[in-house]
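Beneath this line is the structure, given in structure tokens, with notes to follow.
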Amino acid sequence: MSLFNTVRNTIVPVHKEGYPFVAAFFVASLILGWIFKPLFWIGMIFTLWCAYFFRDPERVTPQDDDLVISPADGRVSAIQMVTPPAELDIGSEPMLRISVFMNVFNCHVNRAPMRGRIVSINYRSGSFVNAELDKASEDNERNGLVIETRHGQIGVVQIAGLVARRILCWVNPNEPVDAGERFGLIRFGSRLDVFLPAGAAPRVSLGQTAIAGETVIAEFASAKGPVISRRS
């Protein structure tokens with residue numbers, strides 16, 4: 001029983017959105033293996049990758065309304081003051097934007113960065129350029145959420161990438177949301193932008209790896225100033 005529990009706790013569950021894709025990869029592997037046996041093992045490698053892509057691990061989220069938690073697994077690709085997308089309708093003044101880029105090996109389940117209430121959800125069609133490029137925030141297909149928090153309204157934008165062709169969002173306007181709560185998923189490779197009002201100070205650096213639902217990317221009501229870090 002101890003060995004069984006160890007295996008069960010080690011294997012990360014696959015999100016239900018991934019079931020059809022994992023099944024399709026597996027069936028394709030069987031068909032390819034029937035044609036040429038080595039192709040079965042190649043197909044199984046892709047099947048395991050697909051299951052890994054759609055993994056949905058549990059996360060331990062800090063419960064503090066002054067903290068902004070990363071909405072995605074990936075690399076912090078931008079920390080800058082920019083004007084938020086017009087469709088969010090949260091003003092035309094520059095806001096702190098923190099971007100997290102997800103490659104095809106990151107977990108792609110998206111989580112709410114703060115506790116609050118969903119004010120609006122705005123989908124915009126667009127192109128599929130590399131999500132790491134700054135112009136992806138304006139040109140790419142995206143889905144923007146506005147969340148009312150104790151520090152004002154924040155924007156969370158799901159941005160499709162070069163390979164991503166589907167943005168999923170499971171919440172609705174006027175629903176409450178907790179920090180770390182799952183709200184969506186993007187297939188395959190993409191970016192999340194978080195727009196924060198005045199008073200938020202970054203707590204991550206460019207190039208840092210963020211973990212959705214756990215990594216603190218910014219903080220309100222702090223006099224400590226921006227974070228300083230070094231590579232080692």
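I'd like the full set of residues that are of a type in the set (A, V, I, L, M, F, W, C) and loosely packed, with under 13 Cβ neighbours inside 10 Å, limited to region 11-29. Ile11, Ala23, Ala24, Val27, listed by residue number.
For beta carbons closer than 6 Å, sequence separation of 6+ or different chains, a first residue in region 205-216 that is under 22 Å from Asp178 (Cα atoms) and a second that is open to solvent by 20 Å² or more (accessible area, probe 1.4 Å) and part of a loop (DSSP other than H, G, I, E, B), the qualifying pairs are Gly213/Arg59; Gly213/Thr61; Glu214/Arg59; Val216/Arg203.
For Gly144, state whether it is open to solvent by less than 50 Å² (accessible area, probe 1.4 Å), more than 21 Å from Asp65 (Cβ to Cβ) and modelled with pLDDT of 90 or more.
On the way: open to solvent by less than 50 Å² (accessible area, probe 1.4 Å): yes; more than 21 Å from Asp65 (Cβ to Cβ): yes; modelled with pLDDT of 90 or more: yes.
Against the criterion (open to solvent by less than 50 Å² (accessible area, probe 1.4 Å), more than 21 Å from Asp65 (Cβ to Cβ) and modelled with pLDDT of 90 or more), Gly144 qualifies.
Please specify each residue of region 38-61 satisfying the condition of being at pLDDT 85 or above, within 16 Å of Glu214 (Cβ to Cβ) and surrounded by 14 or more Cβ atoms within 10 Å (Cβ to Cβ). Across region 38-61, the qualifying residues are Arg59, Thr61.
Quick grid of which residues meet (1) at pLDDT below 90; (2) open to solvent by less than 20 Å² (accessible area, probe 1.4 Å); (3) part of a loop (DSSP other than H, G, I, E, B):
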{"position": "Ile167", "(1), (2), (3)": "yes, no, no"}
{"position": "Val171", "(1), (2), (3)": "no, yes, yes"}
{"position": "Gly180", "(1), (2), (3)": "no, yes, yes"}
{"position": "Leu192", "(1), (2), (3)": "no, yes, no"}
{"position": "Glu214", "(1), (2), (3)": "no, no, yes"}
{"position": "Ser229", "(1), (2), (3)": "yes, no, yes"}
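If the condition is being over 18 Å from Asn122 (Cβ atoms) and over 12 Å from the mean Cα position of the chain (by Cα), then region 165-195 contributes Arg165, Pro176, Asp178, Ala179.
Among residues of region 171-183 that are more than 17 Å from Gly155 (Cβ to Cβ), those with a beta-carbon under 6 Å from a residue that is among the hydroxyl-bearing types (Ser, Thr, Tyr) and part of a loop (DSSP other than H, G, I, E, B) at least six positions away or on a different chain give the pairs Gly180/Thr61. Only one of (1) within 24 Å of Val104 (Cα to Cα); (2) modelled with pLDDT under 95 fails for Val156. Which number is that? Tallying (1) within 24 Å of Val104 (Cα to Cα); (2) modelled with pLDDT under 95, Val156 fails exactly one: (2). Looking for something open to solvent by less than 40 Å² (accessible area, probe 1.4 Å), of a type outside the set (A, V, I, L, M, F, W, C) and free of Cβ contacts under 8 Å to residues at least 60 places away in the same chain - is there at least one such residue anywhere in region 87-99? Yes: one or more hits. Note on region 72-88: residues that are in a loop (DSSP other than H, G, I, E, B) and more than 19 Å from Gly199 (Cα to Cα) amount to 3.
The values are calculated or read from the model by the stated rules, or taken from the named source; none is laboratory data. Owing to the predicted nature of the structure, the values given are computational and were not obtained by experimental measurement. All Cβ positions, even for glycine, are placed from backbone atoms using ideal geometry, and neighbour counts span all protein chains on display. The protein model used for the area step is the full one, side chains on, heavy atoms only, and it has no ligands, DNA or RNA in it. Shrake-Rupley method; radii C 1.70, N 1.55, O 1.52, S 1.80 Å.
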